[in-house]
Amino acid sequence: MLQKLQKVGDTFVLTVPQTLLDQHQLSAGQQVELQLFGKSTAIEVPARKPTQLAELVAELNGHLPMVSGWDE
């Protein structure tokens, strides 16, 4: 896929199509790693760390999901 570099201030940016972001579950602000191989460049998505149970529970903010009939 051919993309153009754009200059923003003193930095150059490379745009990424939304379909590619969706395909790799990436979002704005997420870090990726650029790897240089001679004249080629690869963009690597860092491996996601496993989610810890404590992190999931913290996201509930005290609102525990209830299943009807659970207590029976």
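Would you confirm, using the coordinates I've provided, whether THR19 is modelled with pLDDT of 85 or more, surrounded by 10 or more Cβ atoms within 10 Å (Cβ to Cβ) and among the hydroxyl-bearing types (Ser, Thr, Tyr)? It would help to see each step written out before you state the result.
Details: modelled with pLDDT of 85 or more: yes; surrounded by 10 or more Cβ atoms within 10 Å (Cβ to Cβ): no; among the hydroxyl-bearing types (Ser, Thr, Tyr): yes.
So THR19 fails the test.
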- request: Answer yes or no as to whether VAL8 is aliphatic (A, V, I, L, M), surrounded by 10 or more Cβ atoms within 10 Å (Cβ to Cβ) and at pLDDT 90 or above.
  value: no
- request: Could you tell me which numbered condition VAL45 fails, if it satisfies all but one of (1) at pLDDT 90 or above; (2) closer than 18 Å to MET1 by Cα?
  value: (1)
query: Could we say that GLN30 is among the polar types (S, T, N, Q) and loosely packed, with under 10 Cβ neighbours inside 10 Å here?
result: no
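The values are calculated or read from the model by the stated rules, or taken from the named source; none is laboratory data. If you're wondering where the values come from, they're calculated on a predicted model, not measured in any experiment. Heads up, the Cβs are rebuilt from the backbone with ideal geometry, glycines too, and the neighbour counts pull from every protein chain shown.
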